[in-house]
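Since the structure comes first, as structure tokens, the remarks are kept for the end.
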Amino acid sequence: MQINFKELSLKNFKSHQDLTVNFGEVTKITGDNAKGKSSIFEAITWLLYGIDTVGSKLDPTPITYEHDETLVSLLLNVDGKELLLGRELNANKAKYYINEVPSKATEFNEILGELFEKVLFMSLFNPDYFFTLKWTEQREMILQYVTAPSNKEVLKVLPEAQSNKLADLIKKHSLDDLEKLHKDNKNKKNKEHIAAQSRTKTLKEQLEDYEHLVPLPSLRTELNIFKKKRDEAEKVIEESWENNSEINKLQSQIKRLMYERDHMQEHWKILKNEEIEDHCRTCKQPLKDDSVKAVEEDKQNRMADFKEQYNQVVTQRKELEEELKSLEYIDVSEQQAIARENQEKINPLEVEINKHNQLESIQEMIKEAEKTEGEVLQSLNESIFILDSIKDFRAKEAELQAEKVQALLTTLSINLFDELKNGEIKPTFEIEMDGKGYKKLSLSESIRAGLELREVLSEQSNIIAPVFVDNAESITKFKEPSGQLIISRVVANKELKIEEGS
Ligand SMILES: Nc1ncnc2c1ncn2[C@@H]1O[C@H](COP(=O)(O)OP(=O)(O)OP(=O)(O)O)[C@@H](O)[C@H]1O
Ligand SMILES: [Mg+2]
């Protein structure tokens, strides 16, 4: 984009009551002090943005003479298209004109904003302007127009291992996200690793309790001997159990039948001595013979039944006694003692054998814990490696970026990054000319520095715009800038003179 100024007209702008400036490729403004040279410079920035040449709000209302409205208009040519802009101020009321048509402030600003960015235009137009910005704005501006190195370019200059790792990872995540992910993982794995180490340690300490174990084969041999003895004894006890419990059963049955027999003998006495009544129990009259006989018969019958029952009890008992005689009680107390003795020897042996099992499971757990520890450590190291790689990537990226910017400059050097002690990269912005900071430069040096910088911005942004070099009498020569040059110089004892040339 090429911006050219054609004609500027001032009406009641500061000391200028009525002035027209026609611009050429070069426009020379001369005159003694206070003849209104800088006011021409200011008129342009005020018209466009309502500010002075370094960005402060400006009220150009004349204070030394009677006047009506203040009006500045500028005929511009942007890429071959003419545009006439006007700003008017009347009793603090602003008016705007686009191609002589009264317009709203918003329309005016919009049309301007679409053409070029305010800060960029100001930096191109006034070589001092850039240095009035905050360092962060200066830096942002430079970086905005100098394309950052691509990831590919940065990866190329990183060590191969880092480059390969990051190349893969940045397909999925941004560098910032990767950093967050691995910072998080590093913290987590760090804690997990400490926990895993202490688990392995605790388990290994437990091994001390199992240091002097009797070897398993000899324990097993001994155990088998005692188990065999115990089992043999228990077999005998088991086998005699049916026999002995049969004897017990018979004995208790016999005992019950003997008790029943004794009880029946008592009852027999009562039955036998039962008297036959020959008188009625109620009326006391003697019973008839028939009746007495019947009572007697009944008693005889009951006695016969009883006898039969009694004989049954006795026979049954005798049968059981016969059966009992055929059985012999087997004494197992000795076998029980053997079983008990051997069991007592088995118990501690089993405790010892169990220790071997516990040892085995502790060893298994140690193996598992060591495996986990190794895996956690691997993940931790991976994250540390990635974080370091990201740090190095950023440092290289900054280096390349700075190189790119530096390549555009001839007498200036720019520092865009500071490296902190921990290797991290911190943005900064310092401009030097021949090793001296901007603030240390003389007037002519600072003009030269400003011109060099605006040249870079012009080239990088592809905008060719006019530049105003005020107080140029202080500088003997400078490289001709791109765009129209408007140059003002003090010349003693001279009225204001404006010459256009090429
Ligand atoms: N609002 C104003 N109304 C009237 N005169 C003003 C106003 N503001 C500034 N002036 C005067 O206008 C005159 C021109 O100022 P200007 O800064 O343009 O001069 P200059 O030619 O750049 O001078 P120098 O060589 O000293 O830089 C000065 O006398 C200044 O005091
Ligand atoms: Mg001046």
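How many residues, within the stretch 459-502, are within 16 Å of ligand 2 (Cβ to nearest atom) and of a type in the set (Ser, Thr, Tyr)?
Residues meeting the conditions: 2.
Which one is nearest to LEU443 (Cα to Cα) among residues in the stretch 483-502 that are of a type in the set (S, T, N, Q) and either surrounded by fewer than 17 Cβ atoms within 10 Å (Cβ to Cβ) or within 16 Å of ligand 1 (Cβ to nearest atom) (or both)?
SER488
Out of THR410, THR372, I need the residue that is touching a residue at least 12 places away in the same chain (Cβ under 8 Å) and under 30 Å from GLU205 (Cβ atoms). Which one?
Exactly one residue qualifies, and that residue is THR372.
Would you check if there is a residue in the stretch 77-90 being open to solvent by less than 50 Å² (accessible area, probe 1.4 Å), under 22 Å from ILE487 (Cβ atoms), in contact with a Lys or Arg (Cβ under 8 Å, 6 or more places away or on another chain) and more than 16 Å from ligand 2 (Cβ to nearest atom)?
Yes: the stretch 77-90 contains one or more residues that are open to solvent by less than 50 Å² (accessible area, probe 1.4 Å), under 22 Å from ILE487 (Cβ atoms), in contact with a Lys or Arg (Cβ under 8 Å, 6 or more places away or on another chain) and more than 16 Å from ligand 2 (Cβ to nearest atom).
Out of all the residues in the stretch 27-72, which are over 14 Å from PHE121 (Cβ atoms), away from ligand 2 (no atom under 16 Å from the Cβ) and open to solvent by 30 Å² or more (accessible area, probe 1.4 Å)?
LYS57, ASP59, THR61, ILE63, THR64, TYR65, GLU66, HIS67, ASP68, GLU69, LEU71
I need the full set of residues from the stretch 1-43 which are in contact with a helix residue (DSSP H, G or I) (Cβ under 7 Å, 6 or more places away or on another chain) and among the β-branched types (Val, Ile, Thr), in order please.
Of everything in the stretch 1-43, those that are in contact with a helix residue (DSSP H, G or I) (Cβ under 7 Å, 6 or more places away or on another chain) and among the β-branched types (Val, Ile, Thr) turn out to be VAL21, ILE29.
With respect to LYS134, is the statement that it is open to solvent by 40 Å² or more (accessible area, probe 1.4 Å), under 30 Å from VAL467 (Cβ atoms) and free of Cβ contacts under 8 Å to residues at least 40 places away in the same chain true?
When the stated conditions are applied, LYS134 passes them.
Can you pull out every residue in the stretch 1-34 that is outside any strand (DSSP E or B) and touching a residue at least 60 places away in the same chain (Cβ under 8 Å)?
MET1, PHE23, GLY24, GLU25, ASP32, ASN33
Filter the stretch 35-75 for residues that are more than 10 Å from ligand 1 (Cβ to nearest atom) and part of a loop (DSSP other than H, G, I, E, B) and give the result.
Matches in the stretch 35-75: GLY50, ASP52, THR53, VAL54, GLY55, SER56, GLU66, ASP68, GLU69.
If you go through the stretch 146-176, how many residues are open to solvent by 70 Å² or more (accessible area, probe 1.4 Å) and in a loop (DSSP other than H, G, I, E, B)?
Looking only at that region, the number is 5.
If you take the residues of the stretch 472-482 that are open to solvent by 40 Å² or more (accessible area, probe 1.4 Å) and within 16 Å of ligand 1 (Cβ to nearest atom), which of them is nearest to THR20 (Cα to Cα)?
GLU473
Which of (1) open to solvent by less than 60 Å² (accessible area, probe 1.4 Å); (2) over 13 Å from VAL313 (Cβ atoms); (3) in a helix (DSSP H, G or I) is the odd one out, the single condition LEU257 does not satisfy?
Checking LEU257 against (1) open to solvent by less than 60 Å² (accessible area, probe 1.4 Å); (2) over 13 Å from VAL313 (Cβ atoms); (3) in a helix (DSSP H, G or I), the one that fails is (2).
Out of the residues in the stretch 260-314 meeting the condition of being charged (D, E, K, R) and either in contact with a Lys or Arg (Cβ under 8 Å, 6 or more places away or on another chain) or outside any helix (DSSP H, G or I) (or both), tell me which one is least open to solvent (accessible area, probe 1.4 Å).
Ranking the qualifying residues of the stretch 260-314, first place goes to ARG261.
Could you identify the single residue in GLY450, GLY437 that is of a type outside the set (S, T, N, Q), free of Cβ contacts under 8 Å to residues at least 12 places away in the same chain and in contact with an Asp or Glu (Cβ under 8 Å, 6 or more places away or on another chain)?
Exactly one of GLY450, GLY437 is of a type outside the set (S, T, N, Q), free of Cβ contacts under 8 Å to residues at least 12 places away in the same chain and in contact with an Asp or Glu (Cβ under 8 Å, 6 or more places away or on another chain), namely GLY437.
Might you let me know whether the stretch 259-271 holds any residue that is in the same structural domain as THR315 (by TED's automatic domain parsing), more than 13 Å from PHE306 (Cα to Cα) and not acidic (Asp, Glu)?
yes
The values are calculated or read from the model by the stated rules, or taken from the named source; none is laboratory data. Please read these numbers as outputs of a predicted model, since none were measured by experiment. Here the Cβ is made from the backbone with ideal geometry for all residues, glycine too, and neighbour counts use every protein chain on show. Heavy atoms of the whole protein, side chains included, go into the accessibility calculation; ligands, DNA and RNA do not. Shrake-Rupley method; radii C 1.70, N 1.55, O 1.52, S 1.80 Å.
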